[in-house]
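Report on the following structure.
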Amino acid sequence: MGVPHLRRHLEPYAQKGVIEPCNVVIDGPALAYHTLALCLRGTQKSSPSEQPSYGVLGYTTVAWLDEIQASGLTVSAIYFDGFLPQSKYHERQQRVLRNSQDLSKYHQAYLNGVPKERPHATTEPPQVLFPQSLGVDKTKSKAPDPPFFVPAIIEYLRNHAVYSSLTAVVPGEADGFCAEYVRLNGGAVITSDSDLLVSALGPRGSAIFLGDIEKGAESEGLVASQYCGPDICQRLSIEHGDGLCRLAFELTMEPTLSMSEIIRNTKMGVAAADFPEDYSLFLAKYSTPELGSSLKPDYEIHLDPRVSEIALRCLPGPENKDTSSKNGQTEPESDDNDLQMYLPLLLDSPSRTSAWEASKSVRQLAYALLQSVKAAPIPIVSEVKRLQSVSLGAPLEIPRLSSIDKHGTALLAMVSKIRHVVGKSELVWVVLSILQDVVLTIDQGKTSTPLSVQLLRLDAARKLDEGSWEFLHFLAQVQATCYSLRMLQQILNFTKHHTHELSSAMSEVSQCLSALPPLGRFPSVRDFAETLARIRAMGGLSCLATICADDEELLPYLRKPDPSPQAVKPAKISTKNKRKATSQGGSARPRSSNLFDLLDDE
């Protein structure tokens with residue numbers, strides 16, 4: 001959560017001026033959120049259609065980095081989080097809970113459909129990369145951030161000729177690695193995290209905040225306030241060594257004190273003397289980065305941050321036994337074999353089962369593969385999606401390692417059927433998602449028409465509403481399928497790297513998934529209607545019926561009478577089912593899934 005008001009208290013003691021040429025290391029997550037804020041300037045925040053594409057976000061990030069380098073600074077590294085210490089679980093869960101509540105408020109504000117793109121809205125990258133201010137956002141109900149924008153920016157950087165070798169998803173939190181780099185090599189950390197003001201950056205290190213950087217005169221370059229620990233300590237007349245740590249600890253323990261009182265207490269060491277154990281823990285937090293594994297980081301294995309988190313949990317290392325507490329709050333205990341996966345928040349309808357549910361069979365296969373890395377069974381993975389209260393997540397049963405070839409072969413068989421009808425276009429993955437939705441309907445024992453089938457029929461009748469929650473939920477399901485397949489692909493690569501082998505079936509799955517689109521080409525609000533039109537042009541539901549011609553369970557759901565537009569209403573679920581679908585209580589009894597069996601080739 002950071003030290004309250006630390007930046008505000010220290011701002012008068014920072015040195016504002018031209019940033020002299022030096023090495024800089026970039027806090028990647030902070031840069032990603034700053035880029036998103038730049039691209040959202042001037043947009044209608046309540047409209048998901050006006051959000052920047054992943055391509056625009058990547059382009060803007062590179063343009064910003066180019067400007068940094070052109071000013072005489074040298075970008076030495078761009079670090080992204082790749083491992084979450086268990087001491088941060090409570091903070092992460094609180095953030096997921098807040099985001100879930102914000103989604104519910106957004107849904108309530110626009111029950112009849114979300115705002116669409118304005119006619120004059122621009123989709124171009126921002127022209128001003130270093131504004132004097134990002135402005136104050138007064139939008140009451142904002143659309144959630146694009147779900148995969150951080151890994152999309154990472155992917156863009158990894159494919160860039162200059163920044164590929166500088167970009168790394170590290171086995172820990174990015175800010176700690178940034179501090180470590182500057183402490184050892186000198187230079188500046190560019191961040192938005194005030195915690196780095198407390199980190200030991202060394203005598204030649206400083207911190208610069210993203211929002212402070214401005215364009216100076218044409219001959220000057222970039223201007224910003226630089227926070228250099230030794231200089232600030234000298235101005236405050238406090239010890240250079242751990243002076244800022246003592247000051248931050250005083251502020252943590254007594255956040256209402258004035259700056260003069262904080263400085264006085266720092267010199268006297270009041271809080272450190274009164275709470276020596278707490279102060280030792282506080283010091284340790286900022287002294288070195290919290291590593292996710294005792295092994296060296298595998299930078300050549302490209303994992304998205306959330307995938308990296310669960311993958312690193314399966315490697316041997318004392319950090320994976322961490323049971324520390326945060327701010328006196330002991331974290332919920334779980335079985336040693338129980339892993340957690342924090343899935344990105346999708347723009348799906350809170351009145352329906354999470355859009356991640358239909359594609360869980362793919363993730364089950366991915367998690368099952370990690371058993372060969374962990375060299376132990378993984379009976380349960382707790383997936384954290386939408387939350388109504390803090391919990392360990394929804395428990396998902398994981399197949400035994402001995403059965404993964406069967407499940408992989410079933411997935412290959414279904415993809416082969418789809419490709420036989422639609423070819424090798426990226427529509428394969430959309431059609432797979434539609435069939436997963438039908439399978440979910442069967443798995444839940446419903447007799448109603450699956451949402452995806454309803455939307456395809458409305459599209460065929462040219463009555464599709466691109467602002468409706470049904471449209472958005474269907475899109476979210478397709479995005480979830482594509483990302484679940486991406487997770488499987490990355491975990492296959494990770495498993496092969498650490499075990500040096502894959503079965504022939506898993507090697508085929510890996511080869512099959514090489515055709516997945518990059519995140520920049522994932523279906524989006526802007527182009528999903530066009531995607532459905534392409535499926536319509538190929539025959540629509542008739543095309544799906546051809547794929548499932550020999551499947552007696554799926555076929556009837558593809559031949560139900562067409563619904564009228566009025567029949568497609570927002571989902572209403574009972575309190576009991578709603579609790580089951582969205583509360584994700586950690587004590588819920590996991591249910592075995594038969595999705596693989598339904599996808600199996602007959």
| query | When all protein chains stay in place, what accessible area (Å², nearest 10, 1.4 Å probe) is found for MET259? | reply | 30
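May I ask which of LYS215/LYS285; LYS142/LYS385; LYS45/LYS463; LYS88/LYS385; LYS374/LYS406; LYS116/LYS138 have a Cα-Cα span longer than 23 Å here?
Cα-Cα > 23 Å for LYS215/LYS285; LYS45/LYS463; rest within.
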| Where does each of 227-235, 46-54, 188-196 land if you order them by average Cβ count within 10 Å, highest first? | 188-196, 46-54, 227-235
| request: Of the options GLN93, GLN127, LEU73, report the single residue whose Cα projects farthest towards the positive end of the charge dipole of region 71-191 (beta-carbon charges: Lys, Arg +1; Asp, Glu -1). | output: GLN93
| task | Could you compute the FRET efficiency for ASP465 and ARG264, with r as their C-beta to C-beta distance and R0 at 45 Å, rounded to 0.05? | result | 0.10
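Answer rounded, prolate or oblate for region 78-170, using the Cα gyration tensor with square roots of eigenvalues a ≥ b ≥ c: rounded when a/c is under 1.5, else prolate when a/b is larger than b/c, else oblate.
Numbers: a/c = 2.13, a/b = 1.19, b/c = 1.79.
Judged from the Cα gyration tensor, region 78-170 comes out oblate (a/c at least 1.5, b/c at or above a/b).
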| request: Would you compute, from DSSP H runs of 4+ residues alone, the mean residue ellipticity of the chain at 222 nm, taking -39500 (n - 2.57) per run and dividing by the full residue count, rounded to the nearest 500? | output: -13500 deg cm²/dmol
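Placing +1 at every Lys and Arg Cβ and -1 at every Asp and Glu Cβ, with all other atoms neutral, what dipole size does region 196-258 have around its Cα centre, in debye to the nearest 20? It would help to have the intermediate numbers written out before the result.
Details: 4 positive and 9 negative charges, 24 e Å.
Roughly 120 debye for region 196-258.
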| Heavy-atom accessible area of SER514 with all protein chains present, probe 1.4 Å, nearest 10 Å²? | 70
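Using the heavy atoms of the protein chains and a 1.4 angstrom probe, tell me the accessible area per residue for the chain in square angstrom. If you can, show how the numbers build up before the last one.
Numbers: 26440 Å² over 602 residues.
That works out to 44 Å² for each residue.
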| said: Under a Cβ-only charge scheme (Lys and Arg +1, Asp and Glu -1), can you give me the dipole magnitude of the chain about the Cα centre, in debye to the nearest 20? | reply: 1800
| query | Farthest toward the dipole's positive end in region 402-510, which of ALA476, THR449, SER416, given Cβ charges of +1 (Lys, Arg) and -1 (Asp, Glu) about the Cα centre? | reply | SER416
| Spin-label model distance (nm) - GLN132 vs VAL390, 7 Å beyond Cα toward Cβ | 4.2
| request: Using +1 at the Cβ of each Lys and Arg and -1 at the Cβ of each Asp and Glu in region 1-79, identify which of THR35, PRO12, THR60 lies farthest towards the dipole's positive end. | output: PRO12
| Antiparallel content of DSSP bridges confined to the chain, in %, to 5 | 40
| With contacts defined as alpha carbon pairs under 8 Å and 6 or more residues apart, what's the relative contact order of the chain in percent? | 17
| remark: With all protein chains present, the chain has a carbon and sulfur share of its accessible area (1.4 Å probe) in percent of 49
| message | Between SER76 and ASP231, what's the calculated FRET efficiency when r is the beta-carbon distance and R0 is 25 Å? Round to 0.05. | response | 0.70
| task | Quote the charge dipole size of region 1-154 about the Cα centre in Debye, to the nearest 20; the model charges only the Cβ of Lys and Arg (+1) and of Asp and Glu (-1). | result | 700
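Once you sort the root eigenvalues of the Cα gyration tensor of region 351-443 as a ≥ b ≥ c, which label holds: rounded (a/c under 1.5), prolate (a/b larger than b/c) or oblate (the other case)? It would help to have the intermediate numbers written out before the result.
Numbers: a/c = 2.60, a/b = 1.25, b/c = 2.08.
Oblate.
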| said: Using 0.36 nm times the number of residues separating ALA549 and LYS140, minus their current alpha carbon distance, what extension gain do you get? | reply: 142.4 nm
| request: Using amide H atoms built 1.01 Å from N in the peptide plane, name the residues 5+ places from VAL384, or on other chains, whose amide H lies under 5 Å from its own. | output: MET341, TYR342, LEU343, ALA394
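The values are calculated or read from the model by the stated rules, or taken from the named source; none is laboratory data. Just so we're clear, the structure is a prediction, and the values are computed from it rather than from any experiment. FYI the Cβ positions are ideal-geometry reconstructions off the backbone, even for glycines, and counts take in every protein chain you see. Ligands, DNA and RNA are excluded from the accessible area calculation, which covers all protein heavy atoms including side chains. Shrake-Rupley method; radii C 1.70, N 1.55, O 1.52, S 1.80 Å.
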